[in-house]
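Chemist: So that we are looking at the same thing, I have put the structure below in C-alpha cells.
All of the numbers you see were taken from the coordinates with simple rules; none came from a lab. If you're wondering where the values come from, they're calculated on a predicted model, not measured in any experiment. Every residue, glycine among them, receives a Cβ derived from its backbone with ideal geometry; neighbour counts consider all protein chains shown.
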Amino acid sequence: MKILVIHGPNLNMLGKREKAVYGTVTLSDIDLKLNELAKDFGVTLEIKQSNAESVLIEEIQNAPTKEIDGILINPAAFGHTSIAIRDALLSVSLPFIEVHLSNIYAREEFRHKTYLSDIAIGVITGFGADSYFLGLRALVNTLAQTRK
Ligand code: DQA
C-alpha cells in the first residue's frame with residue numbers, strides 16, 4: 001500500500017512560525033515519525049511539501065501513475081481558498097484524509113470552511129502533530145477495509 005502525504009504552504013516553517021499555535025515541532029520531526037509509523041503499518045509513503053498550488057495539484061494529478069492508494073493532506077491555507085486542489089482530488093478520485101495541526105474551528109472564522117472537508121473520508125484537526133499520525137492510522141485502516 002502506498003500513501004501520498006502532502007504538506008501545503010508554510011508548513012516548511014513549522015518550528016519557527018507562530019509557536020503559540022503550532023508548537024515547536026518541525027516538519028522533519030513529523031515526516032520522521034510518519035515514516036516510522038508507516039513502517040509499523042507496512043505501508044510506503046511518498047511525502048511532498050510545497051508552497052506552490054500548482055506543484056501540489058500536479059502531485060495529486062500524478063498520484064495514480066505512481067500507484068498511490070490514498071492521500072493524507074494538510075492543505076494548510078490552500079484548504080480555505082483552493083477550488084483547484086479540490087478539483088484535482090476529485091479528478092483522481094483517490095480516498096483522502098484532511099488534517100490540521102490546529103483546531104481550525106477554534107480560530108478565525110475564515111478558517112472554519114475548507115474546500116476539501118466534504119469530499120474527504122474524514123478530517124482530523126487540533127491535535128498538533130498527532131493529527132497527522134491519527135490521520136495516517138485512519139487512512140491505512142480505511143484502505144485495508146476497502147480492500148477486503
Ligand atoms: C493549518 C491551519 C490553516 O488554517 C493554516 O492556514 C495553516 C496550518 C494547520 O495545520 O493547523 O497553514 O492547516
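Chemist: Given the C-alpha centroids of the range 1-58 and the range 125-145, what is the distance between them in whole angstrom?
Modeler: 13 Å
Chemist: What percent do you get for the relative contact order of the chain when only Cα pairs under 8 Å and 6+ apart count?
Modeler: Once divided by the residue count of the chain, the mean separation gives 27 percent.
Chemist: Loop-only check: which GluC sites (Glu not before Pro) in the range 1-93 are DSSP coil with at most 14 other Cβ within 10 angstrom?
Modeler: Those satisfying the criteria are Glu18, Glu67.
Chemist: Amide H of Val5: which non-local residues (sequence gap of 5 or more, or other chain) have their own amide H closer than 5 Å, using H built in the peptide plane?
Modeler: Glu46, Ile47, Lys48, Leu72
Chemist: In vacuo Debye scattering of the range 23-148, one point per C-alpha: log10 I(q)/I(0) at q = 0.15 Å⁻¹?
Modeler: Listed by q, the Debye log ratios stand at -0.69.
Chemist: Roughly what would the spin-label model give for Thr81 and Glu108, points 7 Å off Cα along C-beta, in nm?
Modeler: 1.1 nm
Chemist: For the range 32-72, what is one quarter of the convex hull surface built on the Cα atoms, given in nm²?
Modeler: About 3.2 nm², averaged over all directions.
Chemist: Mind listing which trypsin sites (Lys or Arg not before Pro) in the range 1-103 are in a DSSP loop and have 11 or fewer other Cβ atoms within 10 Å?
Modeler: Sites meeting the loop and neighbour criteria: Lys16, Arg17.
Chemist: Anything in the chain that counts as a DSSP H helix reaching 20 Å or more along its axis (C-alpha) with Kyte-Doolittle mean of at least -1.0? List them, would you? Walk me through the numbers on the way to the answer.
Modeler: Values: long enough: 27-41 (21 Å, -0.12); 130-147 (25 Å, 0.13).
Helices passing the filter in the chain: 27-41, 130-147.
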